[in-house]
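Worksheet: one structure, shown below.
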Amino acid sequence: MSDWYRDFANSGVGTTLVKQLGLPRPAVLRRYTPGQPLLDGPALVGSAGEGRLRAEIEAVLRDDGVTVLSPATADGGSGPKVAAVVLDATGLTTPADLASAHDFLAPAVKRLGTNGRVVVLGEVPGEAPSPALAAARQALDGLVRSLAKELRAGATANLVYVPSGAEAAVPGPLRFFLSGRSAYVDGQTVTLSAVDAPSGDGGTTPLAGKVAVVTGAARGIGASIADVLGRDGAHVVAVDIPAAGQALAAVANRVGGTALQLDITAPDAAQRLVEHLVQRHGGADVVVHNAGITRDKLLVNMDSARWNSVLAVNLQAQLDLTPALLDAEGALKPGARVVAVSSQSGIAGNRGQTNYSASKAGVIGMVRAWAPAFAERGATINAVAPGFIVTEMTAKMPFGTREVGARLNSLQQGGLPVDVAEAIAWLAQPASAGVNGQVLRVCGQNLLGA
Ligand SMILES: NC(=O)c1ccc[n+]([C@@H]2O[C@H](COP(=O)([O-])OP(=O)(O)OC[C@H]3O[C@@H](n4cnc5c(N)ncnc54)[C@H](O)[C@@H]3O)[C@@H](O)[C@H]2O)c1
């Protein structure tokens, strides 16, 4: 589905006209394709204080063939363009040290090219020994979110909090935020856990040999998740209701996977899924709870059927399937990854969607509550919260509502199903072992509930 305004604004005559009228010019985002270099140019790396991650950051960049420049060669913002700016802010000791973050970032960001990346790494505020240090660390969150709103031309800024002991978990998230996989992830914060994680990215097939279940895979975002997980090497078990059987079979065939017709709200759904996974595939490595429905009405007009059906599909099914998979012998393989699809509506709320927003906020509560139990098993559970994603559903919205909805974010455009799929595929990777209990918005830094 093309974005007519973005395409026009980037065409010859459109570029001039949009500039003259002072209208926004959404960039054509640099999205991941297999074999694409991590970055299209050099990276500027700096520290605020005596950071402990500098060597780690530079090793990841050099491993991926990126030329690393340091502030000494930053040239006051007048040097050649760079593809990324990475700040190790783990050395902050007081709020006054934040000035050194500014001193590095201001000239560095001036040199950031189209689709550039800013990644800041800091210590976890909650672990600070004093209120002043907690303030300095938390300040990074405000700095990065605001910077993300200032960047243009498809550039993004994101923050990674790294507790001590979590150094090994840094490469996966760092690569994600630098790469085209995070094209529509902007202004986000991820807090890592102290675990061992493989330092390599797994090349073009990081999910090779993995079995991945995707619910609601017959169409829309779920079909895209199946495509991307399959592209990354997983065998996909595509699940959807029997009524969607034909479309489901087409998706499963396309990705070389298996179709499983299953209503996830059926009383025997958990048992059937467990049996299928154990008997046919020897268990699952990845489970993506994607199936979801909307039944919108203002709360005062909402009948209980609308309320109950949305809660049943979007939340209760995930609450039932997840422990069944956890508890059944061999259903989840060691190091399993569960990713639940929430929504921006579950964070910011949305008129006419009390049922939907309740279910999607519930998903966030569920993921956070389960994270410690998953960690004990060397597994992870996370949520992604998509913002405005261009699908057949959004194509049917009235023109004005759709255009406002799509543009109300820092990247000035709607996301694509593949953007959600890339974030999920990244969370499913072995290298994401240190990301647990997190909620990642894939919303281009939507201005609602940001
Ligand atoms: N499209 C967006 O902009 C957007 C934004 C935020 C969140 N989301 C979430 O992303 C997910 C996918 O959304 P989408 O836009 O692709 O929706 P969609 O309606 O296109 O696809 C949902 C799929 O889930 C399946 N499904 C529904 N009930 C099921 C059940 N009981 N058992 C098995 N499968 C079932 C449907 O048959 C369908 O194939 C949903 O959880 C949705 O809430 C979407």
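The values are calculated or read from the model by the stated rules, or taken from the named source; none is laboratory data. For clarity, every value in this text was computed on a predicted model and none was experimentally measured. Don't worry about glycine lacking a Cβ; one is built from the backbone with ideal geometry, like all the others, and counts go over all protein chains shown. Note: accessible area is taken over every heavy atom of the protein model, side chains too, but ligands, DNA and RNA are not part of it. Shrake-Rupley method; radii C 1.70, N 1.55, O 1.52, S 1.80 Å.
On a per residue basis, the convex hull of the C-alpha atoms belonging to segment 31-191 measures out at 98 Å³. For the options 366, 302, 393, a Gaussian network treatment of the chain with springs between C-alpha atoms closer than 10 Å singles out 393 as fluctuating the most. For the residues 288, 66, 435, a GNM of the chain with alpha-carbon springs under 10 Å puts the largest fluctuation on 66. When the chain is treated as a GNM with alpha-carbon contacts under 10 Å, the residue of 254, 25, 368 showing the greatest mean-square fluctuation is 254. With the Cα gyration tensor of the chain giving a ≥ b ≥ c as the square roots of its eigenvalues, does the rule (a/c under 1.5 for rounded; else a/b larger than b/c for prolate; else oblate) give rounded, prolate or oblate? Note, shape of the chain comes out prolate.
For the pair segment 131-168 / segment 96-124, the C-alpha centres are spaced 9 Å from each other. Between segment 189-214 and segment 411-437, the alpha-carbon centres lie 11 Å apart. With only Lys, Arg, Asp and Glu charged, each at its Cβ (+1 for the first two, -1 for the last two), find how big the charge dipole of segment 211-442 is about the Cα centre; round to the nearest 20 debye. Dipole of segment 211-442, to the nearest 20 debye: 540 debye. Think of the chain as a dipole: +1 on every Lys or Arg Cβ, -1 on every Asp or Glu Cβ, centred on the Cα centre; then among 423, 140, 78, 78 lies furthest on the positive end.
Please report the net charge: other residues with Cβ closer than 14 Å to the Cβ of residue 64, K and R +1, D and E -1.
Details: positive: 62, 117, 175, 181; negative: 40, 56, 58, 63, 201.
For residues surrounding residue 64, the net value is -1.
Computed over protein heavy atoms with a 1.4 Å probe, the carbon and sulfur contribution to the accessible area of segment 31-191 reaches 55%. Under the convention that each Lys and Arg Cβ holds +1 and each Asp and Glu Cβ holds -1, the size of the dipole of segment 31-191 around its Cα centre is about 540 debye.
Both the radius of gyration and Dmax for segment 281-364 are 14.8, 48 Å, in that order, over alpha-carbon atoms.
Tell me, what does the Kirkwood hydrodynamic radius of segment 323-369 come to in angstroms if you use every pair of distinct C-alpha atoms?
Values: mean 1/r = 0.0821 Å⁻¹.
Taking the inverse mean of 1/r over all distinct Cα pairs, segment 323-369 comes out at 12.2 Å.
For the pairs 360/396; 110/149; 149/396; 149/297, note any where the Cα-Cα span goes beyond 26 Å. Mind dumping the intermediate values first?
Working: 360/396 22 Å; 110/149 15 Å; 149/396 29 Å; 149/297 32 Å.
Exceeds cut-off: 149/396; 149/297.
Just how large is the dipole of the chain about the Cα centre, in debye to the nearest 20, putting +1 at every Lys and Arg Cβ and -1 at every Asp and Glu Cβ?
Working: 37 positive and 37 negative charges, 249 e Å.
So the dipole magnitude of the chain works out to roughly 1200 debye.
Classify segment 211-442 as rounded, prolate or oblate from the Cα gyration tensor: take a ≥ b ≥ c as the square roots of its eigenvalues, call it rounded if a/c is under 1.5, otherwise prolate when a/b beats b/c and oblate if not. It comes out rounded by the Cα gyration axes.
Over segment 129-189, consider all pairs of different Cα atoms and compute the Kirkwood hydrodynamic radius from their mean reciprocal separation; express it in Å, one decimal. Intermediate values should be presented prior to the final figure.
Numbers: mean 1/r = 0.0782 Å⁻¹.
With all distinct Cα pairs of segment 129-189 included, I get 12.8 Å.
Ranked by the mean number of other Cβ atoms within 10 Å per residue, highest first, peptides 338-348, 78-88, 184-194 order as 338-348, 184-194, 78-88.
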